[in-house]
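Visitor: My questions will all concern the structure given below.
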Amino acid sequence: MPDSILIEGLTRYYNGFLALDNLSLRVKWNEDVALLGPNGAGKTTALKILCGLMRPSSGKAYLAGIDVMAERERAISNVGAILETPEFYPFLTPDETLRYLGRLRGMDGHKLDNRIREVLKLLRLEEWVNVKIEKFSRGMKQRLALAQAMLHDPPILILDEPSLGLDPRGMVEIRDILKEARKKKTVFFASHLLTEVEQICKKVAIIDRGKLRAYDDIARLKKKYRSFERAYLKLTEGAI
Amino acid sequence: MSEFEKLKVVTKYEFLKQFRRKRFYGALAITVLAVVLTIGLYKGLDLPGRMGIRDSPEFFAMLVTSMSSMAILGAVFFAGDAIASEFERKTGYILFPNPVKRITLVVGKYIACVVATAIIIIIAYLISAGALLGFYQQVPGGILGSMAIALMLACSVISMAFVFSSVFKGGMGATIATLLTYMVIFSVISGVLSFAGYDPWFLPNRAGDAVTATYGITFEQAFGGMSAGAHMGGPMFSSPDPTLSFFVLLGYTVVFLPISIWLAKRKEMI
């Protein structure tokens, strides 16, 4: 069985600036892995390449064994994603937005109706189902972003700062949802919040200036560096 | 799910987005106002009498339906940010990570823009036809040809706007670039060629003038009493050929749309 996510030697330049430097990672099925690193480390770039929004300068990325660059649509059908700070069409409602995305992902009829109800209930947005998104706060949009990522019940979740913009209650709720999701799914998410990473994941990939500095169990890193925080600081020394 | 099914979904929701925006109703209101004002001024000022021309449904239709090209402005505003806004407003982060080809998204957006513009154009022509029936109890057959050219003009302008929308980072830049290209650059080239005695039949603005050339009245007949100046005249005051103009506009559509698809496919969410 192919790996859930496989990254092989990903390198990406932005006008001469090296954002990803030969990054390689292997994430097994139902593993929960955090991509941790300081601002500008290359986390979002890696996730964008994985989701086919960007091409690497060199290297390969596979989702469920499918080459993202060669068969983007087939590869991406296994994924639910939140990237950067997503925005929604302000003049559509959550119901219309989820219906649109669900239809693009091949869902329809009662299955889609039921799933929309389920994810909106899970993300506590059921009262806002027919309100135009232009009236939503940042936190509500983030909840809707997670709802759309989980809509088609994908085996792989790729999430960039999933709790960004949420209030403390929202952060706890999202963490609980992700903890539940990781029992059946691969959760691969980028963050720079050590506490969040520790609570959601068992394994962490620490990157800095585009390079992989460590890829190990959090427990093992804690043991080696005496604390997770010290491990992070040591491995990202010199970062801004 | 086939890509054609996905195209239908994209078109449906892009169309819904167009309908939810104020700019659709703004473009509709401006076009209707322009047509109604032209009708009112034509009759109120007795335009044919002042120009020394015999009033006829063809001459009336020629002037009134020329206002339908106002809808082209609407087309530019619908299309200018169709692709660019996905990047500028970051909605692409929700739309693009889906199992749907970029070509499907662009074509779906294109169809939605064309349909939204077509609705405005058709309403403008229906008002013109209603006025013709009311004043003259007849509608010249040329109105259908005029509408066909207006619709093709909209298709070509939207294609051009899509090219700019695929290149520019912002929707406003793409909209302004399209308007400048169409209304300034092409007009200047067209004017220069006309002064030199060449008919710029291959330019979209000249071809678009054919919306008034389907009624069997030439520009020379309609505006024969007006002076063209020392070096003007010739192509500037001749009617463009409607059939040729239709195919010129079709050509622009067929060339620009694939270019915009190719550019949109290459554009990255950085």
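Visitor: Mind checking the full-extension length gain between residue A:237 and residue A:85? Use 0.36 nm per residue of separation minus the Cα-Cα distance, one decimal, nm.
Guide: Here the answer is 52.0 nm.
Visitor: May I ask which of A:121/B:265; A:184/A:234; A:43/A:184; A:183/A:234 have a Cα-Cα span longer than 29 Å here?
Guide: A:121/B:265; A:184/A:234; A:183/A:234
Visitor: Using a Förster distance of 35 angstrom, determine the FRET efficiency expected from the C-beta separation of residue A:124 and residue A:222, and round it to 0.05.
Guide: It comes to 0.60.
Visitor: At a Cα cut-off below 16 Å, give the aspartates and glutamates reachable from residue A:211, other chains included and same-chain residues fewer than 8 away excluded.
Guide: By straight Cα distance, residue A:211 reaches A:8, A:21, A:237.
Visitor: Given 10 °C and 1.306 mPa s, compute D for chain A with the Stokes-Einstein relation, Rh being the Kirkwood radius over Cα pairs; round to the nearest whole µm²/s.
Guide: 87 µm²/s
Visitor: Treating the beta-carbon of each Lys and Arg as +1 and of each Asp and Glu as -1, no other charges, what is the dipole magnitude of the stretch B:1-159 about its Cα centre, to the nearest 20 debye?
Guide: With Lys and Arg at +1 and Asp and Glu at -1, about 540 debye.
Visitor: What number, rounded to the nearest 500 deg cm²/dmol, is the helix-based mean residue ellipticity at 222 nm of chain A, given -39500 (n - 2.57) per DSSP H run of at least four residues and division by all its residues?
Guide: One gets -10500 deg cm²/dmol as the mean residue ellipticity at 222 nm.
Visitor: Something else: Considering only DSSP beta bridges with both partners in the protein assembly as shown, what is the antiparallel share in %, to the nearest 5?
Guide: Roughly 55 percent of the beta bridges in the protein assembly as shown run antiparallel, per DSSP.
Visitor: Related question: Just want the answer: with Cβ charges of +1 for Lys and Arg and -1 for Asp and Glu, which residue in B:261, A:45, A:221 is farthest toward the dipole's positive end in the protein assembly as shown?
Guide: Positive-most Cα among the choices belongs to A:221.
Visitor: Here's a follow-up. If the reach is capped at under 12 angstrom between alpha carbons, list the aspartates and glutamates near residue A:28, excluding any in the same chain fewer than eight residues apart.
Guide: A:3
Visitor: For the stretch B:3-266, what does the relative contact order come out to in percent, with C-alpha contacts under 8 Å and a separation of six or more?
Guide: 26 percent
Visitor: Would you calculate, for chain B, the mean residue ellipticity at 222 nm contributed by helices, counting each DSSP H stretch of 4 or more residues as -39,500 (n - 2.57) and dividing by all residues, to the nearest 500?
Guide: Estimated from H runs of four or more residues: -22500 deg cm²/dmol.
Visitor: Sticking with this one: Out of B:89, B:206, B:50, any idea which swings most in a Gaussian network model of chain B, alpha carbons joined below 10 Å?
Guide: Highest fluctuation among the options: B:50.
Visitor: Would you mind putting A:218-231, B:94-107 in packing order, based on average other-beta-carbon counts within 10 Å, highest first?
Guide: B:94-107, A:218-231
Visitor: Same structure again: Using unit Cβ charges (K, R positive; D, E negative) and no other charged atoms, how large, in debye to the nearest 20, is the dipole of the stretch B:3-266 about its Cα centre?
Guide: My answer is approximately 1220 debye.
Visitor: Provide the percentage of antiparallel DSSP beta bridges, counting only those with both residues in chain A; round to the nearest 5.
Guide: 55 percent
Visitor: Which one, B:4, B:140, B:190, is farthest towards the positive end of the dipole of the stretch B:3-266 when Lys and Arg carry +1 and Asp and Glu -1 on their Cβ?
Guide: B:4
Visitor: Which FRET efficiency value, to the nearest 0.05, is calculated for residue B:103 and residue B:19 with the Förster distance at 25 angstrom and r the Cβ-Cβ distance?
Guide: 0.55
Visitor: Another question, if that's okay. Could you rank the peptides B:72-80, B:145-153 by their average count of other C-beta atoms within 10 Å per residue, with the highest value first?
Guide: Answer by packing, highest mean first, reads B:72-80, B:145-153.
Visitor: Take each complete run of DSSP H in chain B, measure how far its Cα atoms stretch along the helix's own axis, and keep only those covering 20 Å or more with mean Kyte-Doolittle hydropathy at least -1.0; list them.
Guide: Within chain B the helices that satisfy the rule are B:3-20, B:22-44, B:102-136, B:142-167, B:242-266.
Visitor: Using only atoms on other chains, find how many Cβ atoms lie within 10 Å of each Cβ of peptide A:156-167 and report the average.
Guide: That works out to 0 on average.
Visitor: Round to the nearest 0.05 the FRET efficiency obtained for residue B:8 and residue A:55 when R0 = 22 Å and r is the Cβ-Cβ distance.
Guide: 0.15
Visitor: Inside 10 Å of the C-beta atoms of B:95-107, what's the mean count of C-beta atoms belonging to other chains?
Guide: 6
Visitor: State the volume of the convex hull built on the alpha-carbon positions of the stretch A:109-237, expressed per residue in Å³ and rounded to an integer.
Guide: For the stretch A:109-237, the hull spanned by Cα atoms encloses 126 Å³ per residue.
Visitor: In debye, nearest 20, what is the charge dipole magnitude of the protein assembly as shown about its Cα centre with +1 on Lys and Arg Cβ and -1 on Asp and Glu Cβ, if you could check?
Guide: With only Lys, Arg, Asp and Glu charged at Cβ, the dipole is about 1980 debye.
All of the numbers you see were taken from the coordinates with simple rules; none came from a lab. Everything quoted here is computed from the prediction, not taken from an experiment. Note that we place each Cβ from the backbone using ideal geometry, even for glycine, and neighbour counts take in every protein chain shown.
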